[in-house]
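Take a look at the structure below.
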Amino acid sequence: MLRDRLRGELVEPADPGFPLARQLQNTEYDTVRPHAVAYCESEDDVAACLRHAREHGLRVHVRGNGHSMNGWSTGEGLVVDLSRMNHAVADGPLVRLGAGVQSLDALDALKPQRRQIVTGTFPTVSAGGFLTGGGIGWQTRKFGMGSDRIAAARVVLADGRTVRCSATEEPDLYWALRGGGGGSFGVVTEFAVRPVDAPVMTGFETLWAYEDAVDVLTAWQEWCVEGPDELGTSLVVLPGMFGPGGRPVVRVWGVHLGPTEQLAAELDALAERAAAKPLSRTVGSRGVYADVMHEALCGSKTVAQCHRTGSGPEAEGHRHPYTRQSYRLTARAATRAQSAALLDAWDASLDREGRERYLLCIAVGGAANRVPRTETAFVHRDARFLIGYQMACRDVAADPGAGARLTAWADRAAGALAPLACGSYINFPSSRVSEDWETDCFGENRARLLEVKRAYDPENFFRHAQSIGGRPPTTKVAS
Ligand SMILES: Cc1cc2nc3c(=O)[nH]c(=O)nc-3n(C[C@H](O)[C@H](O)[C@H](O)COP(=O)(O)OP(=O)(O)OC[C@H]3O[C@@H](n4cnc5c(N)ncnc54)[C@H](O)[C@@H]3O)c2cc1C
């Protein structure tokens with residue numbers, strides 16, 4: 001019995017914990033019924049799961065903390081969950097991260113040790129998916145992609161062996177794990193990453209009237225391209241339901257790693273460039289990223305409360321509703337006409353119907369652009385922005401037309417992004433998967449990724465809808 005072979009916990013469908021154990025971040029996947037969920041606590045647990053899956057002909061679904069937008073970390077087979085392998089400890093010049101550690105927990109654990117790492121902007125994304133896919137966050141412009149800072153990783157392979165990979169050990173696997181996407185080559189149990197020198201930074205948030213959206217979106221992109229690496233920022237267009245006075249609003253927020261006066265000057269420059277005055281401008285207190293992320297994303301919640309609802313006794317963090325999305329990377333600031341087209345696709349008129357949707361942009365560039373394209377599997381070294389759309393439905397059961405409506409809207413949004421795109425980021429997959437998704441995500445690195453796949457997982461034991469060399473392209477069918 002697998003249960004007896006594990007130090008961790010096995011949750012099967014008949015167990016009372018199963019409804020929570022099968023959840024991902026997005027509620028859409030709550031109906032997926034895995035064979036079982038194994039909460040692994042050691043490499044031996046992971047190896048036992050893989051062995052058991054082989055013996056019983058089960059598919060394996062590797063899960064860090066379940067933020068895959070397209071549900072790649074669940075299915076009807078055995079979910080190998082890493083969330084209890086969640087340490088973050090300083091080890092000489094490196095930091096060792098359990099593959100399931102969540103961003104906020106890692107930042108928080110490392111704070112007393114005066115270490116800081118590059119994470120994404122969301123507190124509960126885990127290292128497993130974030131780092132293997134590339135890793136974009138507000139510290140990326142200054143310190144590079146999260147995966148650029150991986151020095152080594154421990155991986156349980158399809159044949160049950162555990163290997164350490166680094167520049168000198170299993171170098172091809174080491175290369176592939178830095179941006180080739182999770183769930184393709186093996187189960188990473190631990191990363192060793194090079195920390196950044198705990199810079200202090202200041203969080204900021206500005207809100208702008210929707211009437212100024214075209215100017216702000218255009219100015220924000222130019223501001224990022226010309227701005228210093230110390231500026232880490234996102235822009236999101238929020239629907240009326242989340243804007244002041246029920247009106248849609250543009251939020252520009254992020255962190256600045258330089259002195260506060262410099263941030264003030266940067267924010268003045270943005271307003272001048274947009275020829276608009278923000279509705280509000282808030283500058284937070286200076287601190288390390290653990291504090292700034294906490295203030296921006298968790299507010300008054302404790303770290304335990306900030307975890308995803310259902311994942312712990314105190315957890316209150318929100319889950320995401322049924323969503324259809326289209327995302328691409330772009331290599332330059334859009335012109336004013338292109339920004340207007342992006343906003344047309346967001347479609348302000350849908351506010352009259354109370355539709356929940358977002359246009360989200362994250363600035364990349366900086367240090368992430370100063371690495372050769374083939375140095376790691378993450379090929380998009382010209383990417384300046386990740387730009388995309390999400391449309392959500394909070395109650396699909398009560399809205400039978402939602403699937404088709406959201407899909408049609410996401411397809412229109414994809415059309416607006418296409419002329420600007422230089423590729424796609426495997427960690428922000430569109431709902432509709434294109435025929436040439438492997439090339440779009442990996443460019444000229446695709447061929448080497450396929451070779452690594454053949455060498456380390458010739459039977460395609462680790463697979464999901466967008467794993468390397470996996471199933472042929474599929475279209476996610478909206479229901
Ligand atoms: C709300 C939200 C905010 C986000 N913000 C950002 C952001 O700011 N920057 C950014 O770059 N990305 C961001 N992402 C995308 C995120 O990086 C990816 O979804 C990432 O893959 C999630 O990792 P996870 O382990 O939590 O998810 P999971 O769903 O558990 O895993 C995602 C994929 O990685 C694989 N995987 C997970 N762990 C391992 C492992 N240990 N070994 C091998 N494969 C593994 C899984 O099989 C799956 O294919 C965000 C996603 C969401 C939903």
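Quick notes on this structure:
- Considering only Asn26, Leu263, Thr121, and ranking their Cα positions along the charge dipole of the chain that arises from unit charges at the beta-carbon of Lys, Arg, Asp and Glu, the one farthest toward the positive end is Asn26.
- Pair-distance profile P(r), taking every C-alpha pair of the range 180-264, with 10 angstrom steps and integer %: 14, 32, 25, 21, 7
- Distance between the modelled labels on Thr162 and Ser285, one decimal in nanometres: 4.1 nm (7 Å Cα→Cβ projection).
- Look at the alpha carbon pairs under 8 Å that are at least 6 residues apart: their mean separation over the length of the range 96-199 gives a relative contact order of 35 percent.
- One chain, two ends: Arg247 and Arg3. Fully extended at 0.36 nm per residue, the span grows by 82.6 nm beyond their Cα-Cα distance.
- In a simple Cβ point-charge model (Lys, Arg +1; Asp, Glu -1; nothing else charged), the range 88-193 has a dipole of about 380 debye relative to its Cα centre.
- Dipole magnitude of the range 225-325, debye to nearest 20 (Cβ charges: Lys/Arg +1, Asp/Glu -1, about Cα centre): 600
- With the charge dipole of the chain set up from +1 on Lys and Arg Cβ and -1 on Asp and Glu Cβ about the Cα centre, the Cα lying farthest toward the positive end among the listed residues Ser430, Leu231, Trp220 is that of Ser430.
- For the chain, a simple Cβ point-charge model (Lys and Arg +1, Asp and Glu -1, everything else neutral) yields a dipole of about 320 debye relative to the Cα centre.
- The Stokes-Einstein estimate for the range 277-392, based on a Kirkwood radius over Cα pairs and taken at 37 °C with 0.692 mPa s viscosity, is a diffusion coefficient of 185 µm²/s.
- Difference of contour (0.36 nm per residue) and Cα-Cα distance, Arg33 to Leu350: 110.7 nm
- By the beta carbon rule, with partners counted only under 4.7 Å, the chain holds these lone Cys residues: Cys40, Cys49, Cys165, Cys224, Cys361, Cys393, Cys422, Cys441.
- q = 0.11 Å⁻¹, the chain: log10 I(q)/I(0) [Debye, one scatterer per Cα]: -0.88
- Ratio Rg/Rh, restricted to the range 88-193 and using Cα atoms, in which Rh is the Kirkwood radius: 0.95
- Thr309 paired with Asp44, simple spin-label distance in nm, labels 7 Å along Cα-to-beta-carbon: 3.9
- For the range 12-91, the calculated P(r), taken from all Cα-Cα distances in 5 Å bins from zero up to the bin holding the longest distance, is 3, 16, 26, 25, 18, 8, 3, 2, 0 percent.
- Take every pair of alpha-carbon atoms less than 8 Å apart whose residues are at least six positions apart; their mean separation over the length of the range 288-425 yields a relative contact order of 32 percent.
- Whole-Å distance, taken between Cα centres, linking the range 74-113 and the range 304-338: 20
- Under the Debye formula (equal points on every Cα, no solvent term), log10 I(q)/I(0) of the range 201-423 at q = 0.08, 0.15 Å⁻¹: -0.31, -1.14
- The candidates Arg357, Arg59, arranged from most to least accessible area with a 1.4 Å probe in the full protein assembly, appear as Arg59, Arg357.
The values are calculated or read from the model by the stated rules, or taken from the named source; none is laboratory data. In this text the structure is predicted, and so the values were computed from the model without any measurement. Virtual Cβ from ideal backbone geometry, glycine too; neighbours counted across all protein chains shown. Only protein heavy atoms, including side chains, enter the accessible area calculation; ligands, DNA and RNA are left aside. Shrake-Rupley method; radii C 1.70, N 1.55, O 1.52, S 1.80 Å.
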